[in-house]
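One structure below.
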Amino acid sequence: MTLDTQVQAAPLDEAAVAELRHAFRGELISPDHPAYDEHRAVWNGSIDRRPALIARCSGVADVIAAVQFARRSGILVAVRGGGHSFPGLSVCDDGLVIDLGLMKGIRVDPDRRTVRAQAGVRLGELDHETQAFGLAVPAGIVTHTGLAGLTLGGGIGWLLRKYGLTIDNLLAADLVTASGELVRASATENADLFWGLRGGGGNFGIVTEFEFRLNPVGPTVLAGPIFWPMEDSPRVLRFYRDWIADAPDELTTIVVHRYAPPLPIIPPEMHGRKVVSVAVCYAGSLEDGERVVRPLREFGSPLLDVCRPSSFAGHQALFDASLPSGYWYYFRSCDVERLSDEVIDITVDHALRMKSVINTFPIFQLGGAVARVGDDETVFNSRQAGHTFNINATTATAEGFDDEREWSRGLWSALAPYHTGVYVNFLMEEGEERVRQAYGPAKYDRLKALKTKYDPGNMFRLNQNIRPD
Ligand SMILES: Cc1cc2nc3c(=O)[nH]c(=O)nc-3n(C[C@H](O)[C@H](O)[C@H](O)COP(=O)(O)OP(=O)(O)OC[C@H]3O[C@@H](n4cnc5c(N)ncnc54)[C@H](O)[C@@H]3O)c2cc1C
């Protein structure tokens, strides 16, 4: 299945490129540029596409110039924030990549507890600035992920149960529309668009800057993983399920099945052993965190316990080394209501059959503040789910990739009777019906009307696309 990625590719008009070059302050990179391969590469190494032109924008004026160029030339457009789309939607063959990676401005207002961040910012860069004041925007769990794409889909991470999704902390966004106009969206300006940006992805235009509310976090938090042998996972997950039933909002956890990686925090004798871990982040006092986490530490016979007082910014990098750029990645994802005995047994049965030693297969815990925001307030449609599965198949190269992909699909299919939905940022290219399923029919229809208003020609189609009428 495809999202029409090829249909609008058109040859470049050299006069139009010359005109763009004249109007552009950033960098224009064509296939003969020495850095072309560096800038067309995206995080997922299995994606290998060759755009006709990459426009590395230095600011809003460049974004407007690039959009106007695209309108004039009818060229296929890909928009790139951090380049971490799982299916590689931020790069295309033969088209124009509007790359926001140079737009790194961040301004924290510690008194008002707000931050403005431009669209090229990565999560670690945002935390670096905000944590200097003991503040944070809840976002994702890998520091090199782009803030833009993550926010536009929803944004789940270590602070979700305490402070909600990234979009629950979004105050406003500046956006360049398909007609090249700069508009602002907030609760009081273009409120329809503001709703659509909180989960509707890049369908409505190019966000150039976000403004978020900040929340007190750390800077030291009780955080880190506790590991058991994977064979113990049926018991560990049953205990875990009951333990999190009354968990306070400060606690957010992620279960990971994998082969223990050769990282310095893991003793050499454990490397390569199949393990299940529960990684913890307690966004409250260290004393309270110790009390809440104690029963988990004391369950069974952990192989290793590295849950300890850590800098929040350091904890945010926990999975960075496991999910580097350039590996070949494939994912299937689903939400489930709860970890029933059946869900646990299916999960562990398949996890034990995972072959690739570099797979990291996380199950996110949801609930808390996320579940207390009204379903219709934003586009995000997984608020009532208990957990989100991200069934990740990873290989270093093409070798073995097909087998791992089948493993991921197999587990996803086996869980099908328990699927309750899917988070749009965890979709591959799965077709229009899956996008509709992700949003649900009522929200999908509302999104379609919004798309028809803001992008009637579907210029912004390389995303989890909502087709205009
Ligand atoms: C290693 C890794 C870890 C992840 N962890 C998490 C996590 O913890 N929590 C979570 O919620 N998600 C997570 N994700 C998923 C992530 O949210 C999505 O992949 C997201 O799209 C990445 O954003 P990006 O800007 O890096 O991606 P890009 O590939 O640049 O863009 C993704 C999509 O957003 C569009 N887009 C990007 N920037 C803009 C913009 N400024 N305006 C309009 N449209 C834009 C693109 O056109 C594309 O369709 C993770 C992904 C990876 C690869």
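So here's what we get for this one:
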read-out: Breaking point among (1) open to solvent by 50 Å² or more (accessible area, probe 1.4 Å); (2) within 30 Å of Asp402 (Cβ to Cβ), for Arg338; value: (2)
read-out: From Ala66, Ala15, Ala52, Ala61, residue being in contact with a Lys or Arg (Cβ under 9 Å, 6 or more places away or on another chain) and either away from the ligand (no atom under 12 Å from the Cβ) or of a type in the set (A, V, I, L, M) (or both); value: Ala61
read-out: Condition met for Ile226 (aliphatic (A, V, I, L, M), under 30 Å from Glu342 (Cβ atoms) and part of a strand (DSSP E or B)); value: yes
read-out: Test result for Arg235, assigned to a strand (DSSP E or B) and open to solvent by 10 Å² or more (accessible area, probe 1.4 Å); value: no
read-out: Matching residues in segment 48-72 - criterion: being open to solvent by 30 Å² or more (accessible area, probe 1.4 Å) and either touching a Pro at 6+ places or on another chain (Cβ under 9 Å) or of a type in the set (D, E, K, R) (or both); value: Asp48, Arg49, Arg50, Arg56, Arg71, Arg72
read-out: Any hit, segment 92-99, residues being within 27 Å of Arg184 (Cβ to Cβ) and either among the acidic types (Asp, Glu) or surrounded by fewer than 24 Cβ atoms within 10 Å (Cβ to Cβ) (or both); value: yes
read-out: Residues within segment 444-453 that are in contact with a Phe, Trp or Tyr (Cβ under 9 Å, 6 or more places away or on another chain) and either open to solvent by less than 30 Å² (accessible area, probe 1.4 Å) or under 25 Å from Thr347 (Cβ atoms) (or both), tallied; value: 3
read-out: Residues of segment 129-173 classified as free of Cβ contacts under 8 Å to residues at least 40 places away in the same chain, more than 13 Å from the chain's Cα centre (by Cα) and within 22 Å of Thr220 (Cβ to Cβ), total; value: 2
read-out: Residue within segment 348-359 that is closer than 26 Å to Gln464 by Cβ and aliphatic (A, V, I, L, M) present; value: no
read-out: Hits in segment 270-286 - residues which are closer than 17 Å to Leu318 by Cα and either polar (S, T, N, Q) or touching a residue at least 60 places away in the same chain (Cβ under 8 Å) (or both); value: Val276, Ser277, Cys281, Tyr282, Ala283
read-out: Segments classed as strands (runs of 3 or more DSSP E), wholly inside segment 266-355, with at least 2 members that are over 30 Å from Tyr439 (Cα atoms) and more than 15 Å from the ligand (Cβ to nearest atom); value: 274-282, 308-311
read-out: In segment 11-29, residue nearest to Asp93 (Cα to Cα) [restricted to those that are touching a strand residue (DSSP E or B) at 6+ places or on another chain (Cβ under 7 Å) and open to solvent by 30 Å² or more (accessible area, probe 1.4 Å)]; value: Leu12
read-out: Members of segment 459-469 found to be surrounded by fewer than 17 Cβ atoms within 10 Å (Cβ to Cβ) and closer than 17 Å to Ala78 by Cα, listed by number; value: Arg467
read-out: Criterion violated by Ala136 - all others in (1) away from the ligand (no atom under 13 Å from the Cβ); (2) surrounded by fewer than 23 Cβ atoms within 10 Å (Cβ to Cβ); (3) small (Gly, Ala, Ser); (4) within 30 Å of Val255 (Cβ to Cβ) satisfied; value: (2)
read-out: Index of the failed condition, Trp243 passing every other in (1) within 16 Å of the ligand (Cβ to nearest atom); (2) surrounded by fewer than 21 Cβ atoms within 10 Å (Cβ to Cβ); (3) of a type in the set (Phe, Trp, Tyr); value: (1)
read-out: Test: Phe212 is within 22 Å of Asp375 (Cα to Cα), in a strand (DSSP E or B) and away from the ligand (no atom under 12 Å from the Cβ); value: yes
read-out: Candidates Ser408, Ser333 - the one that is touching a residue at least 12 places away in the same chain (Cβ under 8 Å), buried (at least 22 other Cβ atoms within 10 Å of the Cβ), at negative phi and within 17 Å of the chain's Cα centre (by Cα); value: Ser333
read-out: Number of the condition not met by Val97 [criteria: (1) more than 23 Å from Glu429 (Cα to Cα); (2) touching a Pro at 6+ places or on another chain (Cβ under 6 Å)]; value: (1)
read-out: Selection count where residues are open to solvent by 20 Å² or more (accessible area, probe 1.4 Å) and within 16 Å of the ligand (Cβ to nearest atom), scope segment 108-133; value: 5
read-out: Which numbered condition Trp158 fails, given (1) more than 21 Å from Ile98 (Cα to Cα); (2) open to solvent by 10 Å² or more (accessible area, probe 1.4 Å); (3) within 10 Å of the ligand (Cβ to nearest atom); value: (2)
read-out: Sole residue being surrounded by fewer than 24 Cβ atoms within 10 Å (Cβ to Cβ) and on the phi > 0 side of the Ramachandran plot, chosen from Gly272, Gly201; value: Gly272
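Every residue, every condition in (1) in contact with a Ser or Thr (Cβ under 9 Å, 6 or more places away or on another chain); (2) more than 9 Å from the ligand (Cβ to nearest atom); (3) open to solvent by 10 Å² or more (accessible area, probe 1.4 Å); (4) farther than 22 Å from Ala279 by Cβ, yes or no:
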| residue | (1), (2), (3), (4) |
| --- | --- |
| Leu171 | yes, yes, yes, yes |
| Val176 | yes, no, no, yes |
| Ser179 | no, yes, yes, yes |
| Glu189 | no, yes, yes, yes |
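The values are calculated or read from the model by the stated rules, or taken from the named source; none is laboratory data. Small disclaimer: the values here were computed from a predicted structure and weren't measured. Cβ: placed from backbone, ideal geometry, glycine included. Neighbour counts: every protein chain shown. Just the protein is used for accessible areas: all its heavy atoms, side chains included, with ligands, DNA and RNA removed. Shrake-Rupley method; radii C 1.70, N 1.55, O 1.52, S 1.80 Å.
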